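**Q** Would you mind keeping the following structure in view while I ask a few things?
The values are calculated or read from the model by the stated rules, or taken from the named source; none is laboratory data. These figures come from a predicted structure and were not determined experimentally. Glycine also receives a Cβ, built like all others from the backbone with ideal geometry; neighbour counts cover every protein chain displayed. Calculation scope for accessible area: heavy atoms of the full protein, side chains included, ligands and nucleic acids excluded. Shrake-Rupley method; radii C 1.70, N 1.55, O 1.52, S 1.80 Å.
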Amino acid sequence: LSNIGPLIVHNCHLGLGFGAGGPTFQRIAKMMGGIDMSLDDSTATVGIYRGAHQEIAGPKGGWKSCGTAIKMINEGLSYQIDPWGMCWTTAEGIKTPQGMIRYPDLRQEEVIRNEGTQFEKTEMAWVYGRGRHRAFLSGPKVTENIVQHLAREVVMDNALEIKRVTGYGTKHRIHDELVFVVPDSEAEDMLDTVQGIMRTPPKWWPELITWSEGSYADTYGEAK
């Protein structure tokens, strides 16, 4: 992956870790890094990533387990998805340590993939929801749903703990960022407290390695 440049390494891991193929990664490289890649190069990069991350894309990896989970949900069976036993399938979706990921009206339909392109093909696919809520589901997509769901739970737990300890609630949240407004005299201590809490694994996943970076300034932009 070194030949694609450091600007999109983060987005590379996000996109490829959640199942992006050659055409999709080609768009990610252009949009996020301003890098023009040929389809052959982007497809080769996808292959390199998947080969190097067997725990994700391999025959016994996360995508495979999450693909099996879709079938278990459809059949209403209980199935342990992850090695820690945190996520289990139910007839409604996936039970997580502190919530649910729901897939209403899960079913298989014949769909056209990459319509209007040279990659167009018809195949059976898992879908859920109806109308504007209709969405496709696959092993990589379930992986993304679980990762984003658990990440949100970690950050929201952090926000609640910070409020309990300091009395300050968040003034702004962006994905995995928490923003607080405090008097100048408390800024340094507040940052230390926030960092300490955000670097502590959640009680429901003590094996998780967490880390955070932060700063304080007069404006949000200056603190970035």
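**Q** What tally of residues in the stretch 179-224 results from selecting those that are of a type in the set (S, T, N, Q) and in a loop (DSSP other than H, G, I, E, B)?
**A** Summing the residues that are of a type in the set (S, T, N, Q) and in a loop (DSSP other than H, G, I, E, B) in the stretch 179-224 gives 5.
**Q** I've got another one for you. So, THR166, is that one of a type in the set (Val, Ile, Thr) and farther than 26 Å from GLU207 by Cβ or not?
**A** Against the criterion (of a type in the set (Val, Ile, Thr) and farther than 26 Å from GLU207 by Cβ), THR166 qualifies.
**Q** Just to be sure I understand the filter: pairs with C-beta atoms under 9 Å, separated by 6 or more residues or on different chains, first member in the stretch 44-70 and modelled with pLDDT of 95 or more, second member among the hydrophobic types (A, V, I, L, M, F, W, C) and in a loop (DSSP other than H, G, I, E, B). Which pairs pass?
**A** GLY62/ILE81; SER65/ILE81; CYS66/ILE81; THR68/ILE81; ALA69/ILE81; ALA69/CYS87; ILE70/LEU106
**Q** Would the stretch 28-48 turn up any residue that is under 20 Å from ALA125 (Cβ atoms), open to solvent by 30 Å² or more (accessible area, probe 1.4 Å) and not in a helix (DSSP H, G or I)?
**A** no
**Q** Any residue in the stretch 92-107 that is among the basic types (Lys, Arg) sitting within a Cβ distance under 9 Å of a residue that is open to solvent by 30 Å² or more (accessible area, probe 1.4 Å) and in a strand (DSSP E or B)? List the pairs, counting only those 6 or more apart or interchain.
**A** Cβ pairs passing all conditions: LYS95/TRP88; ARG102/TYR128; ARG107/TRP126; ARG107/TYR128.
**Q** Being part of a strand (DSSP E or B), polar (S, T, N, Q) and modelled with pLDDT of 95 or more, is that true of even one residue in the stretch 136-152?
**A** No: the stretch 136-152 contains no residue that is part of a strand (DSSP E or B), polar (S, T, N, Q) and modelled with pLDDT of 95 or more.
**Q** Please find, within the stretch 54-75, the residue that is most open to solvent (accessible area, probe 1.4 Å) out of those that are farther than 15 Å from TRP126 by Cβ and either in contact with a Pro (Cβ under 8 Å, 6 or more places away or on another chain) or in a loop (DSSP other than H, G, I, E, B) (or both).
**A** LYS60
**Q** Would you call ILE197 on the phi < 0 side of the Ramachandran plot, touching a Cys at 6+ places or on another chain (Cβ under 7 Å) and buried (at least 18 other Cβ atoms within 10 Å of the Cβ)?
**A** In short, no.
**Q** Given (1) assigned to a loop (DSSP other than H, G, I, E, B); (2) open to solvent by less than 50 Å² (accessible area, probe 1.4 Å); (3) touching a strand residue (DSSP E or B) at 6+ places or on another chain (Cβ under 7 Å), where does SER78 come up short, assuming only one miss?
**A** (2)
**Q** Could I ask something else about it? Being open to solvent by 90 Å² or more (accessible area, probe 1.4 Å) and in a strand (DSSP E or B) is the filter here, so list the residues in the stretch 96-125 that pass it.
**A** Matches in the stretch 96-125: ARG102, GLN108, GLU110, LYS121, MET124.
**Q** Regarding ARG132, is this residue open to solvent by 30 Å² or more (accessible area, probe 1.4 Å), within 30 Å of GLN195 (Cα to Cα) and free of Cβ contacts under 8 Å to residues at least 60 places away in the same chain?
**A** No: the conditions fail for ARG132.
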